[in-house]
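The values are calculated or read from the model by the stated rules, or taken from the named source; none is laboratory data. Note that the structure is predicted; figures quoted are calculated from it, not measured. Counting neighbours? That spans all protein chains shown, and the Cβs are built from the backbone with ideal geometry, glycine included. Note: areas computed on protein heavy atoms with side chains; ligands, DNA, RNA excluded. Shrake-Rupley method; radii C 1.70, N 1.55, O 1.52, S 1.80 Å.
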Amino acid sequence: MPRLSARSRRLQPFVFMAVAGALAAPVICAAQENLERVELPPLAKGEVVLEIATPAGAQQYDLATLEAIGLYRITTRSQWDQESPTFDGILLSDLLDDAGLDKAPEVLVTALDDYSQAIPREDWTAYPVMVATRQDGKLLRDDERGPLRIVYPLSFYPELDDDLYHARWVWSLKHIKAVEP
């Protein structure tokens with residue numbers, strides 16, 4: 001086996017990271033191609049609908065602040081809907097980045113009825129997991145699984161059509177916090 005120079009040995013980790021990133025890029029690009037970036041009229045400031053626990057303290061979001069992060073649209077079937085609804089919302093990855101939790105190994109998402117699920121980092125980095133604020137053009141309401149709902153793109157990734165991922169479709173989302181190992 002040929003011997004590596006000192007410089008080659010120092011560069012080896014960087015080469016590995018570059019190759020790993022290049023291999024992951026098709027998955028991330030494929031995930032994003034099913035999304036459409038949308039611009040909707042901004043909402044007026046309103047009541048807090050989501051709280052995120054961060055190391056710096058709790059961050060509170062109303063719908064206007066959430067949607068200002070950047071809206072996307074995806075049409076996907078779900079286990080609970082007859083048709084494939086169209087959802088508008090923000091990417092969970094963008095929200096966690098805004099809150100400073102993008103590097104968390106997983107987050108615990110909790111609903112108004114205290115139902116909760118852990119979502120691992122792999123989910124929001126490999127797939128366009130959405131925090132939906134609208135369904136079929138209308139704001140989600142509390143009596144319609146709103147005002148926020150976690151949405152996985154089942155129509156585009158058959159591996160997500162599984163009970164494990166169905167359980168992570170938390171609706172009436174109220175709280176997110178990082179879960180440390």
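Look at Leu154 and say whether it is in a helix (DSSP H, G or I), surrounded by 14 or more Cβ atoms within 10 Å (Cβ to Cβ), touching an Asp or Glu at 6+ places or on another chain (Cβ under 7 Å) and on the phi < 0 side of the Ramachandran plot.
No.
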Counting only residues that are in a loop (DSSP other than H, G, I, E, B) and small (Gly, Ala, Ser), which one in the range 45-59 is farthest from the chain's Cα centre (by Cα)?
Gly46
Of all residues in the range 93-137, count the ones that are part of a loop (DSSP other than H, G, I, E, B) and either open to solvent by less than 10 Å² (accessible area, probe 1.4 Å) or of a type outside the set (D, E, K, R) (or both).
10
How many residues of the range 60-92 are open to solvent by 40 Å² or more (accessible area, probe 1.4 Å), among the polar types (S, T, N, Q), outside any strand (DSSP E or B) and over 16 Å from Leu43 (Cβ atoms)? The answer is 3
